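Participant: Please read through the structure below; I'll follow up with questions.
The values are calculated or read from the model by the stated rules, or taken from the named source; none is laboratory data. What you are looking at is a predicted structure, and each value in this text was computed from that prediction instead of being measured. Neighbour counts run over all protein chains shown; Cβ positions are idealised from the backbone, glycine included.
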Amino acid sequence: MNVMHIQISHIWKWAFCVGMFLCFSLPSSAKDFIVVLDAGHGGHDAGAVGRISKEKNINLKVALAVGHLLEQNCEDVKVVYTRRTDKFVPLHRRADIANQAKADLFVSIHTNSLAKGRIARGTETYTLGLHRTKENLEVAQKENSVILIESDYKQRYAGFNPNSAESYIMFELIQDKNMKQSVRLAQFIQEQFRNTARRNDRGVRQAGFLVLHATSMPSVLVELGYISTPDEERYLNSQKGVEDLSRSVYNAIIDYKRHQPGASSSETNQRAVTVAERGPVPSSEDVSAEAGKEPMPVSEPVGQKPVFKIQVLTSGSVLKKGDRRLKGLQPVEYYFEGGLYKYTYGSSTDYNEIYQMRKRILPKFKDAFIIAFRGDKKINVQQAIEEFKQNKQK
C-alpha cells in the first residue's frame, strides 16, 4: 500500500467520527452540490520545486484527500476532479471541466514559493481581481505561466502574456458576479487554516488568475504554503500536513454550503469541527503579508457615492513632506490600515477621471492601483466601479 493510500485511510478514520455527523445532518436535495477540485500543475509541469518534492504532487495529495472526505461523508455532494493522476491538464481545460459540470464551487489547490534567500510561511487564498501588491502579481504570474507550455497559447488566450504587467490591466474592470460568494469561501478557508490547521494566516487576497477568470461559479485559488522554505516543505509533505490542510478545506466547503440560502438556522449555527484549545494562534512571521491583504466586502451606508483614489505606496511611518519616495507627487493623503500608512493621490467620484490619472503616474509608480471609499470607510473597488456604472446609466 503506497503512502497516498495510507494518508487517505487515516483521514477517513477521522472523518468517520466527525464528518459523518456533520454531512448527514444536512438535508439532501434533488440536485447534488457539485464541487470541482483542481490540483494545480501535473505531468511535465512540475510547478514549484523544493529540495525534496515537487508542487504538483503536494497539490494532488491534498486535492484527493479533500475529495475523499467529501465523498465519504456527504451524500448530497458530488466531487469532480480536474485530474486524479500525475498528468498535464491545460489551464483552459480545467475551467471547462468546472463549467461543463455546472459546478457550485471551484477550488484550485497550489503551493507557493519564493526566490532563493527569501523565507515565508503560511497559507493564503485568492479570489479573482486586480493585484494590489507586487507580491500578488508575482503569484499570479507564476501560476499563469503554465500557459506557455501550451503550443497554441497565443491564440487560445487572445495574446495574454503572463509575464507582462500590462496584460493584467484587463482584470481591473472585471465584474465578477460571483465575487461576494468567492470571498466568503476564501474567508472560510483561511479561518479553517488558522483555527483547525493552526497555520500562519496570510489573508484573503486578489489577483488576476486566468483559471478563475474562465470559471462561471464562485472560485478560489489556495496557496497551501511555501515549498521554498525547508520546514514548510517538510510539513507540506508530511501525513500531518496533508491531514491538516485537507481537513481545513473540507470544513470550509461545509461551512460555505451551510450558509447558502435555504439552510436551516440549526445548520447555519453548526461548526464543521470543534477544535480543542491549543493556545494562541501563531502571529505572522512575515510582516509584509499584512500589506497584501484585501479589504473584504462590507455592508455599506446608502446615499454617499463611492470616492475613487490611487494608492501609490505604503510606509511603516508617516512620511515627511517632500520625502523622495513620493517622487514630487502632490497633493497626497494617507490612511492607516493593517499597521501601515498607505498614501493616495487624487480623489473623485468619477472613476474614469481617476483611471486616466493613474495612467499618467504609472511611469513613476508602476504598482499604483485604484481603491475606493465611502465616507471614511474603505470599500471593495469592484463593487464601487459597478455602482459608478449604474449611476452613470441613470
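Participant: For the range 356-385: of the residues being closer than 14 Å to Val307 by Cβ and out of contact with any strand residue (DSSP E or B) (no Cβ under 6 Å at 6 or more places or on another chain), which is surrounded by the most Cβ atoms within 10 Å (Cβ to Cβ)?
Facilitator: So in the range 356-385, the residues closer than 14 Å to Val307 by Cβ come out as 357, 370-381, 383-385.
Next cut, out of contact with any strand residue (DSSP E or B) (no Cβ under 6 Å at 6 or more places or on another chain) only: 374-378, 380, 383, 385.
Working: Arg374: 19, Gly375: 12, Asp376: 7, Lys377: 12, Lys378: 19, Asn380: 22, Gln383: 18, Ile385: 20.
That would be Asn380.
Participant: Just checking, which of Gly262, Gly225, Gly208 is small (Gly, Ala, Ser), within 18 Å of the chain's Cα centre (by Cα) and at pLDDT below 90? Explain how you work it out, then say what you get.
Facilitator: Values: Gly262 fails: within 18 Å of the chain's Cα centre (by Cα); Gly225 fails: at pLDDT below 90.
One residue alone meets the criteria, Gly208.
Participant: When the residues of the range 194-238 are filtered to those that are out of contact with any Asp or Glu (no Cβ under 6 Å at 6 or more places or on another chain) and among the hydroxyl-bearing types (Ser, Thr, Tyr), which remaining residue is farthest from Pro90 (Cα to Cα)?
Facilitator: Thr196
Participant: If you take the residues of the range 158-204 that are at pLDDT below 85 and among the polar types (S, T, N, Q), which of them is nearest to the chain's Cα centre (by Cα)? Please lay out each step first, then the result.
Facilitator: Step one: list which residues in the range 158-204 are at pLDDT below 85, which gives 158-180.
Next cut, among the polar types (S, T, N, Q) only: 161, 163-164, 167, 175, 178.
Details: Asn161: 21, Asn163: 20, Ser164: 21, Ser167: 20, Gln175: 17, Asn178: 13 Å.
Taking the candidates together, the pick is Asn178.
Participant: Name the single residue, out of those in the range 211-254 being assigned to a loop (DSSP other than H, G, I, E, B) and of a type in the set (Val, Ile, Thr), that is farthest from Val36 (Cα to Cα). Outline the logic, then answer.
Facilitator: Residues of the range 211-254 assigned to a loop (DSSP other than H, G, I, E, B): 214-218, 227-229, 238.
Those left that are additionally of a type in the set (Val, Ile, Thr): 215, 227, 229.
Values: Thr215: 11, Ile227: 24, Thr229: 29 Å.
Residue satisfying both the conditions and the ranking: Thr229.
Participant: Quick one: which strands (runs of 3 or more DSSP E) sit completely within the range 336-379 and have at least 3 residues that are more than 24 Å from the chain's Cα centre (by Cα)?
Facilitator: 340-348
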